[in-house]
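First comes the structure, then the notes that go with it.
The values are calculated or read from the model by the stated rules, or taken from the named source; none is laboratory data. Everything numeric here is computed off the predicted structure, so don't read it as measured data. When we count neighbours, we look across all protein chains shown, and the Cβ atoms used for this are built from the backbone with ideal geometry, even at glycine.
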Amino acid sequence: MKQDWGFRHELKPRDVAELTRLGHPSGDGGYVVPRWAVDTTDVILTLGIGHEWSFEEDLLRRRPGVSIVGVDHTLHAASMRWSLRQAQVKHAVNRLLGRTTKVSRYEERIREYRLYERLFTAPHLHIEKAVGPVGSATTVTIDELFKRLKPSNPHRVLVSMDIEGAEYDLVGALVRHHAAINMIVTEFHHVGRHLAQFERSITEIKKLFDIVHLHGNNCAPYNQDLDFPEVIEMTFVHRSLMPPDSPYSSLERPLPGLDVANRPGSPDYVLRI
């Protein structure tokens, strides 16, 4: 049974010009962002690298001089290099044997490993730790990351965050470093299970950032009680960069030509905020 979720109106995005999609054009991995905010970016701080890097690839294409700092303890440069060598050998063997299907498969793996090298090794950086509220031999904090980044000008760091529910513990620290950040693109996971944390997180972020876009992730269930997706992608822009008196948007999501279903072939979730 649907409930009257009073917090819903707090999620209404601002209406801004020049929205564009960066990342995967037909599936999971992209975000809708304003071009003018992207063009202020000098550093991408990616919290949770995984194996989908099309957003970083597109942003680097648009901003060739940008630095990328990725943080992920589940991915290791040494294993990626080893996997690349294995894929190259198997590609050569299967090509000699005329196994075209396997040749195509290993070509795709080689492309993936080389893309990792281009995006997350020198001059860029992959920190092989988990990001969390306390630093240790296996974890790094937001405070430590921004001390390392040292952006030369205000609002030059774009934060991309997809860490499967751990995002709620990091919001406060990110907001403390708001002066360095131009934009936050993130997924909030398990909204129904973490409803109080989700509401607190949005309230905290909105003290200094405005919502400019949101999109339901149809890879996860739709919460019928809240009439809201269990996983939501959101784009926030620092208020100091926003056009003055930006009105609220009355458009329902998804936006045609910009949003795509995370799971192609399944209906996208319609959001009326």
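Does segment 206-229 contain any residue that is within 23 Å of residue 155 (Cα to Cα) and small (Gly, Ala, Ser)?
No: segment 206-229 contains no residue that is within 23 Å of residue 155 (Cα to Cα) and small (Gly, Ala, Ser).
Please verify whether segment 90-100 includes one or more residues that are part of a loop (DSSP other than H, G, I, E, B) and either surrounded by 14 or more Cβ atoms within 10 Å (Cβ to Cβ) or acidic (Asp, Glu) (or both).
Yes, there is a match, as at least one residue in segment 90-100 is part of a loop (DSSP other than H, G, I, E, B) and either surrounded by 14 or more Cβ atoms within 10 Å (Cβ to Cβ) or acidic (Asp, Glu) (or both).
Determine, yes or no, whether residue 10 is farther than 16 Å from residue 182 by Cα, exposed (fewer than 14 other Cβ atoms within 10 Å of the Cβ) and either among the charged types (D, E, K, R) or free of Cβ contacts under 8 Å to residues at least 40 places away in the same chain (or both).
Answer is yes for this residue.
Can you run down the residue pairs with Cβ atoms below 8 Å, 6 or more apart or on separate chains, where the first is in segment 89-102 and within 19 Å of residue 113 (Cα to Cα) and in the same structural domain as residue 113 (by TED's automatic domain parsing) and the partner is surrounded by 10 or more Cβ atoms within 10 Å (Cβ to Cβ) and polar (S, T, N, Q)?
Matching pairs, first to second residue: 102/94.
What strands (runs of 3 or more DSSP E), lying completely within segment 1-52, carry at least 3 residues that are aromatic (Phe, Trp, Tyr) and not assigned by TED's automatic domain parsing to the domain that holds residue 208?
none
Quick one: in segment 233-272, of everything that is of a type in the set (Asp, Glu) and assigned to a loop (DSSP other than H, G, I, E, B), which residue is surrounded by the most Cβ atoms within 10 Å (Cβ to Cβ)?
The selected residue is 259.
What about residue 204, is it in the same structural domain as residue 133 (by TED's automatic domain parsing) and buried (at least 21 other Cβ atoms within 10 Å of the Cβ)?
Numbers: in the same structural domain as residue 133 (by TED's automatic domain parsing): yes; buried (at least 21 other Cβ atoms within 10 Å of the Cβ): no.
No.
Look at residue 85 and say whether it is surrounded by fewer than 14 Cβ atoms within 10 Å (Cβ to Cβ) and at pLDDT 95 or above.
Working: surrounded by fewer than 14 Cβ atoms within 10 Å (Cβ to Cβ): yes; at pLDDT 95 or above: no.
No; evaluated as a whole, the condition is false for this residue.
Tell me yes or no: at least one residue of segment 120-135 is touching a Gly at 6+ places or on another chain (Cβ under 8 Å), surrounded by 18 or more Cβ atoms within 10 Å (Cβ to Cβ) and either part of a helix (DSSP H, G or I) or among the polar types (S, T, N, Q) (or both).
Yes, some residue in segment 120-135 is touching a Gly at 6+ places or on another chain (Cβ under 8 Å), surrounded by 18 or more Cβ atoms within 10 Å (Cβ to Cβ) and either part of a helix (DSSP H, G or I) or among the polar types (S, T, N, Q) (or both).
Restricted to segment 147-193, and to residues that are under 12 Å from the mean Cα position of the chain (by Cα) and among the charged types (D, E, K, R), which residue is surrounded by the fewest Cβ atoms within 10 Å (Cβ to Cβ)? Can you show your working first?
Applying the first criterion (under 12 Å from the mean Cα position of the chain (by Cα)) to segment 147-193 yields 158-164, 167, 183-188.
Filter once more, keeping what is among the charged types (D, E, K, R): 162, 164, 167, 187.
Numbers: 162: 24, 164: 11, 167: 23, 187: 22.
Per the stated criteria, the residue is 164.
Among the residues of segment 145-161 satisfying the criterion of being of a type in the set (A, V, I, L, M) and at pLDDT 95 or above, which is nearest to residue 174 (Cα to Cα)? If you could, list the steps in order and put the result at the bottom.
First pass over segment 145-161, keeping only residues of a type in the set (A, V, I, L, M): 145, 149, 157-159, 161.
Still in the list and also at pLDDT 95 or above: 145, 157-159, 161.
Working: 145: 10, 157: 11, 158: 11, 159: 9, 161: 11 Å.
Checking each candidate, the answer is 159.
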